[in-house]
Structure formats: C-alpha cells, structure tokens
Amino acid sequence: MSFRHFHSFNNKAFKLSLITLVSASGQLKANDLDVEGKVTATGYVYQTEISSEKSGTNKVASITPSITAIYSNRRMNMSVNAEHIKVEQISGNVDADKEYTEFSFDGLTTLIDNTLTFSLSGKENYRVINQEQDYVSDKVLASGDLTKYRNTAAALNFVTPNPEYVGLAIQTSYSETTTDESIESEFGVDGSNTALSAKISEGRKVDNFSFNLSANYNDTKRASFQDFSSTEVSGDIGVPISQKVSLIVQGSSSEYEVDTSGFATRTNLDTTSYGAGITWQPMNERSVSVTYNQLEEGDNTTNYLGLDVDWAFSSRTALNFNYGKKFYGDAYTVDFSHNLKFFRSSLAYSEQVTSFSRLSYGEGSTTLFVCPFGSVDLGECFQPDSLNYELQAGEEYIASTDIETDISEEIILRKAGSFNIGYDKRRLKTALTVSYGETEYLESGQLQTTRSAKITVAYELGKKTDVNFSSRYARTRPRSSDDTDNILTSSIDVSREVAKSLKVNLGARLLDRSSDSADRDITDKRITLGLTYTF
C-alpha cells in the first residue's frame, strides 16, 4: 500500500478500531468502575506590580467541581477526568470573570494478548498562546493570554510476541489538534497528523547475522500553511566475525515533502547517510557500535564517525546514546535512567523536525513519579520500582518539563533536554528538573530558547497535614525579539484534613519577571485559602 493511500485507509481503520474497542470491552460492570467527585472553593487575594506601577489589592473567588472515573477489567482500562472552573473577580478587573471546562481521558484495550492493543486519548484545557507568557498568565492573572486547546488521538499497536525468526512491530495513529487562537491568527491551529511506523528485527533463533530495519511516516495537515509529510527510514545489518565483535553496514534517509524555497534559512531538509563499521557486544543488552559514514545533503557530502551505545549497566541502570549528522549538523540522542529503592534519576535529549500538532500527541513525560490520573499534587504520587514499570488503571507519569512551544502551525526544529532527580522515602518526596529547549521556526527563521530549573517538595507533617513547596527559575528568549526574560515563581501550600472528606488549604505564591525590556517587568504576590470536599 502506497503512502498516498494511507490517510484514507487510516481513517477507516480508526473507525473500525473504535468499534472494536467498544466490542472488546464487553458489558460494563459496576464493580469495575470507580468514581470520585470533588468540589474546591478557593479565595485569592493578590497584588500585581507591572513596570513599577502597582495595582490595588484584588480579590477573586473560584469554585471548581470535578469528577474522575476509572474503569478497569482484564481487557480494558479507561480513565476520565473533567472539571469546571468558575472565576469571579470581586474587585478590580471585571474582564477576569471567566468560566473554563477542562477534561482529559486515556484508554487502552487489549484486542489480542501480548500482540494487538488499541489506545484512545484526549484532552481539552487552556494554555498560553505565546510561550513568553508561560507562568505569568493563568486563569486568575492575565486570563486573556489563554486560549482553548483540544487534542484527540487514537493508535493501533501490533507486535509479534517472542519471535523465533523475524520480529515485527507496527503502530498506526491518527490525531487532531485545534486551538481557538494562534500566534499567526485569531483563527487558531486546526491540524491533524496521520502516522505509520514499522520495525523489523531478527528473532531469538537467528544467530548467524543480525538486522534491524525501521520506517516512520507522518502526514500533517495545516490550516494556514502548506501540508507537509516526512518519511524516515533506517537500518543496519551485522555479521559476526568473533564471539563479541560483528561487522555492520547501516544507512538512513530522511525526506520531507514540503516546499522549502520560502524558508528563511534552511532550504534543504532531506539527508541520506550510509556507512560501515564494527559492533562490540560483550553480552546481551550491552553493545557499542562505531561506524564511518557519508552524509549526503543536496549537493554537499560530509564524512563522519558515528557512535551508538546501548548499555544496560544493571537491571536498574541503562544508557542509550547515538551520535550522527543531519541537515543542521551534529545530531544527538540521549536516554539514561537510574533507579534505586528511594532514588531515581534520568537524562534525556532529543532533536526532531516536527510541528505543534505532532508534539501535541504523545507529549513527553518522565518516569520519576507515577501519579493518580489528573493529579497535580506530588504528595499523591509514588516512585515506580523498576525502569519498565507498566502503568495501571487510573495512573499516569508526572509531566517531565515545562518546555513548550508557541501555538503555531510552523514546521519547527526542536531540541530538548532534561535532567531529572526524584527521591521518595517515608514522609518526604522531592523532584528536581533542569531542562533546556531550543525551537527553531523553520519557515520564519526565528529562534526561541528556554532554560529552567524546578524543584518540588512534598512533606507529610502528620497523618492529616501536608506541606508542598515548589520553585521554578526560567531564563527565556522569545522568538519575537532578542530580549531575555528571567522568571522566578515560588509557592508554598499547607493542607490539613479537618474531616473525613474535607480538606482546608492555605497557600502563598510569589511571581517575579525581570526583562531586558522594562515594560515586561512584573511582580505578583498571592495568598489563597481553599476548601476541598470529596464525595
């Protein structure tokens, strides 16, 4: 089947899979369903200083009813969270009176054990249009900088279990992303992405040679720009020359179907690379490959040494590292994980040509902490006991970083890295994240960078009293100018259970942004008092 027919096929497959999901789940049983409702009422008192001009004391009240439902049986897991936020300005800015409805859902059904699964996910929330307003704009302060964001996605996954001679893994997915507004226009983003990936490798009974071939295809529709698609193919074949050493040949190709003649800086994205070298593999799950390669980029050719490391130091520590070259120069991928009983760390770095619509499906997360679905409280999370922990019904990984991009339909070259540390023992839980993000908007030639460090601490003072502290420092350079912003946000909250289903929360927050452009300086001080009733 050619790629040009894939989009039509995938829509049909998506509908068929959705019907199959409902059929496979069988009749819903009450004892497989867990539902929890909450109502949170919060009062805010805050004062804002913008460019040395202080506002009066503002008062805001909000009420947030929410519901979380988790359904689980042997074949199917489904989690749904929905909440409605009503914000009413008691004094000051009348425009801050707003209502928001947000929801998220995530489902997985097993069609064939260990072979075929179908997943469905979606979310609707409110986020900043321009990333330079991150952490400054929220539902209380500068809500006019927010826009509604919606994303839905479905994926069908097939894998051959424990293959003898040839292993095959295939994933097909379809996602849609829309927003009410974007950087380019008030009409927002309206995009979809169809994807197909396949991987073929040798089975356990093949010992006289090895092979690993993979292909990825994405077709992205854009409302305000030309549609674009990408095809990436890579593979390697190895022949052993001794017990631990093999000769390998490898190749890769990246092609992007988009008119680059109007791009501001990058006029060619397509590359082809091929080469040969050796692999040293002293034992299973430990290998190092060094290859001599030639990169072809248009009329230019470049020779380079490539390095690939796949090394499991133990069942708790693993490293994957790859170095090569792409159209933008040196290209790296890093994935390191370390797990002890109470301590967990990870290091990740990746580079990819993508778009906002593609990023919205499958946004990155860290495996440091597993949290209840829809939770934002570190105190409710826990550290998994292995590197390959499988999420259970009603669980999700905590968000990895705060690196985002502007809501834009431009094609981007995104480089993102993060170092994460987590600690979980007795009453104390803490997470530290240091991250870096660089986004090059290829069609306009603009560059956006973010460096940030964030620490979150949750401490159980007593059986009914918890303290949560969070502080984040970010240094950002928006793509619209050369000015640099420094943003410091710190908050502390104390919550106490005053009855079986009732909690009271007292909090304080300080936000300070200093900028090379003085009219962007802002300081916001906030005190909150809230009650949460669970039923």
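Observations, loosely collected:
- Cross-link pairs beyond the 23 Å C-alpha cut-off, checked among LYS38/LYS123; LYS464/LYS525; LYS86/LYS500: LYS464/LYS525; LYS86/LYS500
- Region 434-535: translational diffusion in µm²/s, Stokes-Einstein, Kirkwood Rh over Cα pairs, 10 °C, 1.306 mPa s: 98
- Axis angle, to the nearest 10 degrees, between helix 6-25 and the longest C-alpha principal axis of the chain: 60 degrees.
- Taking the Cα centre of the chain as origin and assigning +1 to Lys and Arg Cβ atoms and -1 to Asp and Glu Cβ atoms, the resulting dipole is close to 2120 debye.
- Kirkwood Rh in Å, taken over all unlike Cα pairs in region 127-224: 16.8
- Where GluC sites (Glu not before Pro) fall in DSSP loop in region 199-297, at most 12 other Cβ within 10 Å: GLU285
- Spatial offset of region 327-354 relative to region 123-192 amounts to 21 Å, using the alpha carbon center of each.
- Sorting the Cα pairs of region 30-79 by distance into bins of 10 Å, from 0 upward, gives 19, 25, 20, 16, 13, 7 percent per bin.
- Region 180-330, Cα convex hull volume normalised per residue, Å³: 156
- Applying a DSSP loop filter and a limit of 12 other Cβ atoms within 10 Å to the chymotrypsin sites (Phe, Trp or Tyr not before Pro) in region 137-176 leaves TYR165.
- Cα-based equivalent ellipsoid, the chain: semi-axes from gyration tensor eigenvalues, Å: 41, 29, 24
- Taking every C-alpha pair closer than 8 Å and separated by at least 6 residues, the mean separation divided by the residue count of the chain gives a relative contact order of 11 percent.
- Sulfur and carbon atoms: percent of accessible area, the chain [1.4 Å]: 54
- Charged-residue dipole, Cβ positions (Lys, Arg, Asp, Glu), region 376-480 about Cα centre, Debye nearest 20: 720
- Label-point gap, in nm, between VAL233 and ASP330 - each point 7 angstrom along Cα→Cβ: 3.0
- Sparse-neighbourhood loop sites, trypsin sites (Lys or Arg not before Pro) in region 279-360 - DSSP loop, at most 13 other Cβ within 10 angstrom: LYS341
The values are calculated or read from the model by the stated rules, or taken from the named source; none is laboratory data. Just so you know, these numbers come straight off a predicted model, no measurement behind them. Positions of Cβ are generated from backbone atoms using ideal geometry, with glycine treated the same way; all protein chains shown enter the neighbour counts. Each accessible area value is taken on the protein alone, full model and side chains, heavy atoms only, with ligands, DNA and RNA left out. Shrake-Rupley method; radii C 1.70, N 1.55, O 1.52, S 1.80 Å.
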